[in-house]
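The block underneath contains the structure these notes are about, expressed in structure tokens.
The values are calculated or read from the model by the stated rules, or taken from the named source; none is laboratory data. Being a predicted model, the structure only gives us computed values, none of them experimental. As a convention, Cβ positions derive from the backbone with ideal geometry for all residues, glycine included, and neighbour counts pool all protein chains shown.
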Amino acid sequence: MKQYLIKGPNKGVRGTIECDGSKNSCLPLLASSILFEDSIVLTNVPLVKDVLTMCNLLEELGAKVEISEKNKTIKITNKKKHKLVVPYKLISTMRAGALLMGALLGKYPKNKIFCAASGGCSLGARPTNFHIAGFKSLGAKYNLKNGYTILSAKNGLIGNTYKFPKVSVTGTCNLIMASVFAKKTTTILNASREPEVLDLISFLNNSSNSKFIKFTGKRTLQIRGIKKLIRGSHKVIGDRIAAFSYLCVGVITRGKIKVNNINPKHLPKELEVLKRMGCEIKTSNSSITVNAKKKLKPVSFKTNPWPEFATDNQPILMAVLTTVDGKSKIEENVFSQRFQAAPELNRLGASISIKRNTAIIVGQKKLYGAQCISSDLRSSFAIILGSIAAIGSSKVQRVYHNFRGYYQLPKKLKKLGINIKVIN
Ligand code: EPU
């Protein structure tokens with residue numbers, strides 16, 4: 001199994017990184033291809049493992065998928081009716097496979113849809129109870145048999161009002177897709193406003209030439225059912241989580257990094273927190289530059305749905321804070337197990353203690369290389385960051401988690417002068 005071998009300490013890293021398209025935007029966009037009669041083309045696509053898995057799933061359902069790595073594009077063509085069984089073998093590795101439920105139900109409401117329960121990062125319980133409750137509110141019947149969710153609406157779906165008990169990103173995307181061809185209007189209350197959800201909305205609106213999906217309140221979303229979607233094309237937004245990860249390579253090494261192909265408005269809280277720590281931030285419409293001073297300040301922050309600090313960026317900043325003199329505090333409010341990087345960072349000499357949803361980090365003068373294991377996508381990046389700053393060699397195991405969301409990471413880091421090798 002592949003591992004990263006990283007030699008540190010890497011100091012004062014400087015350079016520019018071209019950010020890839022957003023994985024978490026691309027996945028619902030790909031799932032939404034099911035709603036179309038003909039074909040869709042996505043550009044600025046990140047060809048990471050999760051995206052390829054979603055492409056395999058679409059192929060399995062009968063779509064034609066053409067990928068150009070050179071042009072970073074994916075074309076999906078729907079020639080025939082989709083198969084309505086989403087198999088376990090592919091969906092078990094990826095949480096976002098659950099998005100196929102909403103898309104298939106939206107397109108084929110009167111048929112029976114079978115969807116195996118999805119997998120993904122182990123961040124604590126990741127149920128789909130809100131998704132199902134949303135589908136039911138549109139008139140779908142739900143059953144669970146042999147690990148498969150079975151959905152169908154004999155008389156078709158009819159718009160209704162559904163309030164998410166807690167903001168859910170894929171839940172909102174799923175309910176949007178299920179509502180596209182529903183009769184009448186669907187109202188989603190307490191909807192997610194994550195940039196990735198807005199990206200899906202703008203793709204669907206642009207593909208129908210009418211603004212049939214719109215926010216009528218801060219978290220109130222209205223979807224007026226339409227007749228059909230024929231074809232569409234869309235440029236995926238830049239990945240705000242990858243962008244923050246790369247900026248933090250600059251911060252942990254007290255260097256200067258510019259990230260291109262990212263809208264700074266997608267990371268308002270993250271940039272504010274970096275500024276509070278004493279980093280200098282410069283932005284343009286599509287780039288962010290961070291210049292980290294030698295002496296940074298500890299900081300307290302909380303995760304919450306956008307526009308607050310993203311839970312995905314939390315372990316990344318935690319790694320940085322292990323090197324910042326003084327006591328920092330993190331409150332995690334989205335997932336119940338999002339501190340999985342902490343024991344691994346402590347292996348490198350960090351001092352992080354966890355109590356319920358709070359982490360206290362006491363910054364250390366030095367970290368030392370060690371053998372570590374990543375357990376989810378973002379904690380893998382946090383461990384890589386710690387290893388970049390640590391004195392000596394670190395081996396990071398189970399980096400397959402990393403391949404799920406960061407495109408050609410070793411190549412990007414090497415270009416910045418970081419000593420990283422992929423070994424078996
Ligand atoms: N929740 C429920 N029931 C549901 C749905 C959600 O209880 O039916 C709870 C979850 O357990 C969690 C909270 O609601 O406590 C929010 O979960 P959400 O549904 O928003 O998460 P998600 O849609 O499954 C997406 C991203 C995650 C990211 C979260 C939060 C994708 C494919 N995944 O997951 O990204 O952490 O939103 O922003 O978009 C990652 O990229 O590494 C990643 C894990």
The one condition in (1) within 16 Å of the ligand (Cβ to nearest atom); (2) of a type in the set (A, V, I, L, M, F, W, C); (3) out of contact with any Asp or Glu (no Cβ under 9 Å at 6 or more places or on another chain); (4) closer than 23 Å to residue 199 by Cα that residue 67 fails to fulfil = (1)
Do you know which residues across the range 344-396 are out of contact with any helix residue (DSSP H, G or I) (no Cβ under 9 Å at 6 or more places or on another chain), basic (Lys, Arg) and within 16 Å of the ligand (Cβ to nearest atom)?
-> 356
Is it true that residue 416 is crowded, with 22+ Cβ neighbours inside 10 Å and modelled with pLDDT of 95 or more?
-> no
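One line per residue, one yes/no per condition, for (1) in the same structural domain as residue 297 (by TED's automatic domain parsing); (2) within 13 Å of the ligand (Cβ to nearest atom):
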position	(1), (2)
175	no, yes
212	no, no
230	no, no
245	yes, yes
252	yes, no
272	yes, no
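Answer yes or no as to whether residue 133 is within 9 Å of the ligand (Cβ to nearest atom) and within 18 Å of the chain's Cα centre (by Cα).
Spelling it out, it is not the case that residue 133 is within 9 Å of the ligand (Cβ to nearest atom) and within 18 Å of the chain's Cα centre (by Cα).
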Output the residues belonging to the range 330-357 that are more than 18 Å from residue 248 (Cβ to Cβ) and either assigned by TED's automatic domain parsing to the domain that holds residue 190 or without any contact (Cβ under 8 Å) to a residue 40 or more places away in the chain (or both).
-> 331, 333, 334, 343, 346, 347, 351, 353, 354, 355, 356, 357
From the list 128, 161, which one is of a type in the set (S, T, N, Q), within 12 Å of the ligand (Cβ to nearest atom) and closer than 26 Å to residue 333 by Cβ?
-> 128
So which strands (runs of 3 or more DSSP E) stay within the range 348-424 end to end and still have 1 or more residues that are over 30 Å from residue 70 (Cβ atoms)?
-> 351-355, 358-362, 371-373, 392-397
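Considering only residues that are polar (S, T, N, Q), under 24 Å from residue 40 (Cα atoms) and surrounded by fewer than 23 Cβ atoms within 10 Å (Cβ to Cβ), which ones fall in the range 166-221?
In the first step, residues of the range 166-221 are kept if they are polar (S, T, N, Q); the result is 168, 170, 172, 174, 179, 185-187, 190, 192, 202, 205-210, 216, 220.
With the extra rule that they be under 24 Å from residue 40 (Cα atoms), the set shrinks to 170, 172, 174, 179, 202, 205-210.
202, 205, 206, 207, 208, 209, 210, listed by residue number.
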Residue, farthest from the ligand (Cβ to nearest atom), within the range 180-193, restricted to residues that are under 16 Å from residue 205 (Cα atoms) and touching a helix residue (DSSP H, G or I) at 6+ places or on another chain (Cβ under 7 Å) | 181
In the range 136-158, the residues that are more than 16 Å from the ligand (Cβ to nearest atom) and either in contact with a Lys or Arg (Cβ under 7 Å, 6 or more places away or on another chain) or not in a strand (DSSP E or B) (or both) | 139, 146, 147, 150, 152, 153, 154, 155, 156, 157, 158
In the range 315-340, anything surrounded by 24 or more Cβ atoms within 10 Å (Cβ to Cβ) and within 9 Å of the ligand (Cβ to nearest atom) is listed as 338
Give the residues of the range 375-411 that are more than 15 Å from the chain's Cα centre (by Cα), buried (at least 24 other Cβ atoms within 10 Å of the Cβ) and not aliphatic (A, V, I, L, M), sorted by residue number.
-> 386, 387, 394
Could you say which residue among 35, 42 is in contact with a Phe, Trp or Tyr (Cβ under 9 Å, 6 or more places away or on another chain) and more than 16 Å from the ligand (Cβ to nearest atom)?
-> 35
Would you call residue 301 under 30 Å from residue 336 (Cβ atoms), assigned by TED's automatic domain parsing to the domain that holds residue 11 and in a strand (DSSP E or B)?
-> yes
Positions within the range 376-424 being over 24 Å from residue 47 (Cβ atoms) and in contact with an Asp or Glu (Cβ under 8 Å, 6 or more places away or on another chain), in sequence order | 386
